[in-house]
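The values are calculated or read from the model by the stated rules, or taken from the named source; none is laboratory data. All values derive from a computational prediction rather than experimental measurement. Here the Cβ positions follow ideal geometry from the backbone for every residue, glycine too, while neighbour counts run over all protein chains shown.
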Amino acid sequence: MLNLTGKNALVTGIANNRSIAWGIAQQLHSCGANLGITYLPDDRGKMEKKVAELVEPLSPSLFLPCNVENDEQIQSTFNTIAEKWGKLDILIHCLAFANKEDLTGNFSQTSRPGFNKALEVSTYSLIQLAGAAKPLMKEGGSIVTLTYLGGVKVIPNYNVMGIAKAGLEMSVRYLASELGPENIRVNAISAGPIRTLASSAVGGILDMIHHVEQVAPLRRTVTQLEVGNAAAFFCSDLASGITGQVLYVDAGYEIMGM
Ligand code: 0WE
């Protein structure tokens, strides 16, 4: 078992019990990490209630609203971490959004606002959170983000999200280069398709999963907990020599040409 005791971990991107971030949070918790959880607030407080109930068994010591489109919420999240924890060791970035109409049809019809929205929420947010985390990672740290093959190869309908993930993967390398001297490592996990709140809203996701089950070397898809295990590894001292990398947790699908 990996040992993350004494480490403070901020986990973003939990929406429900299918979230990849939820799989990661559970594994970090079982390795002994102290958790802080952020959620996307809505005006009726539904998300806050739902996520609070879900994460209760992990007894997070911080539970904070954080919409990455809101600079004040980001500032306040990291101010609270500075105040309550004093230092941060682990940052998990599991955030992405594109307008639904930009995840289907002709890529050349992507609107300017749709492009900006996808890149702001899915790509810029990593840069921004890493910048805010840097001064708090006083004893070094580990930043992990989630990416997808659609940022490297064309996946039908992934469209603007592919550009966002390409930018995210390159951001991992630039951040790793900048933060390495502070012993802060930055890595990405490229997960195979998983049924989540986000992916279930995508037409044809079940067909994609079925395809992966037939073609991937392991003849199956991966689970949120398997992604969580890879994230726990990246965050542990066992990965002390690894930064700037993209690790495929995809049952081997990425190696196949046909
Ligand atoms: O990165 C993702 C999900 C990204 C995503 C999904 C949605 C659906 C609902 C971002 N924004 C939204 N916005 C919505 O309104 N994945 C890797 C899952 C995914 O999304 C796809 C996929 C796969 C796989 C979209 C098209 C094709 C395949």
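Results, tabulated for the structure shown:
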| read-out | value |
| --- | --- |
| Flag for ASP71 being loosely packed, with under 13 Cβ neighbours inside 10 Å, among the acidic types (Asp, Glu) and at pLDDT 95 or above | yes |
| Residue check for LYS49: in contact with a strand residue (DSSP E or B) (Cβ under 7 Å, 6 or more places away or on another chain) and at pLDDT 95 or above | no |
| Counted residues, segment 194-253 - those being assigned to a loop (DSSP other than H, G, I, E, B), of a type in the set (A, V, I, L, M, F, W, C) and within 13 Å of the ligand (Cβ to nearest atom) | 4 |
| Unique residue being surrounded by 12 or more Cβ atoms within 10 Å (Cβ to Cβ), charged (D, E, K, R) and not in a loop (DSSP other than H, G, I, E, B) when the list is GLU56, GLU120, GLU83 | GLU120 |
| All positions within segment 1-53 that are aliphatic (A, V, I, L, M) and assigned to a helix (DSSP H, G or I) | ILE20, ALA21, ILE24, ALA25, LEU28, MET47, VAL51, ALA52 |
| Total residues in segment 128-165, condition surrounded by fewer than 23 Cβ atoms within 10 Å (Cβ to Cβ), polar (S, T, N, Q) and either in a helix (DSSP H, G or I) or more than 12 Å from the ligand (Cβ to nearest atom) (or both) | 1 |
| Segment 172-193: number of residues that are within 16 Å of the ligand (Cβ to nearest atom) and either touching a strand residue (DSSP E or B) at 6+ places or on another chain (Cβ under 8 Å) or among the acidic types (Asp, Glu) (or both) | 6 |
| Residue, farthest from GLY192 (Cα to Cα), within segment 214-237, restricted to residues that are out of contact with any helix residue (DSSP H, G or I) (no Cβ under 9 Å at 6 or more places or on another chain) and surrounded by fewer than 16 Cβ atoms within 10 Å (Cβ to Cβ) | ASP237 |
| Considering residues of segment 81-109 that are over 16 Å from LEU119 (Cα atoms) and within 21 Å of the chain's Cα centre (by Cα) only, the residue farthest from the ligand (Cβ to nearest atom) | LYS87 |
